[in-house]
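Below: the structure, in structure tokens.
The values are calculated or read from the model by the stated rules, or taken from the named source; none is laboratory data. For clarity, every value in this text was computed on a predicted model and none was experimentally measured. Ideal geometry is used to build each Cβ from the backbone, glycine not excepted, and the neighbour counts take in all protein chains shown.
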Amino acid sequence: MTKSLRRALFVAVSLFLPGVVFSTELPGKWTLSVENTDHVVLATLRVKFTEKPARSCMSGEWKVVKVVSAKTAGKEFFPASDPLSYRIENNQLTIGRNQICDSYLWLQGPLEGPSVSGEYFSLGLGESAPLGHFRLSHD
């Protein structure tokens, strides 16, 4: 089965059964838009989700997110040039900067069909702060 046929089948089935996730794989390239709390997009990245294990200060099975290209309003808002990793657990996707211990930046949302949206927040020693929102869609 060709890659484009698999993608078309996944999208078609997802439209009819949006709450069902058939795989924990995220094949191909994806567009990631990160917004501030006012829903203004300040970072847009094209990414690939790899199966390569990632280094992380957080427990769990983290894998490398490869940034193919990025346009950002600055590293201060979203660290597109820092190593990023991801994990899928209980149909929840988490993408984050996890190699700087106790200064994590996470994007987190439910896997429901061919796109994901959720919250962007910081996570540190005993505290969390909302930073915005994100949307991830398959190219």
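Go through segment 97-112 and report how many residues are touching a residue at least 24 places away in the same chain (Cβ under 8 Å) and in a strand (DSSP E or B).
Total satisfying the criteria: 5.
Hey, does segment 1-24 have a residue that's at pLDDT 90 or above and not hydroxyl-bearing (Ser, Thr, Tyr)?
no
For segment 58-95, which residues satisfy the criterion of being assigned to a strand (DSSP E or B) and hydrophobic (A, V, I, L, M, F, W, C)?
Matches in segment 58-95: VAL64, VAL65, VAL67, VAL68, ALA70, LEU84, ILE88, LEU93, ILE95.
Say we look at segment 68-99 and pick out the residues that are among the aliphatic types (A, V, I, L, M) and modelled with pLDDT of 95 or more; which of these is nearest to the chain's Cα centre (by Cα)?
Result: ILE95.
Could you tell me which residue of segment 89-110 is nearest to SER69 (Cα to Cα), considering only residues that are aliphatic (A, V, I, L, M) and crowded, with 20+ Cβ neighbours inside 10 Å?
For segment 89-110, the residue satisfying everything is ILE95.
Kindly provide the set of residues from segment 25-57 that are assigned to a loop (DSSP other than H, G, I, E, B), within 15 Å of the chain's Cα centre (by Cα) and surrounded by 13 or more Cβ atoms within 10 Å (Cβ to Cβ), ordered by number.
Listed by number, the residues that qualify are LEU26, PRO27, GLY28, ALA54.
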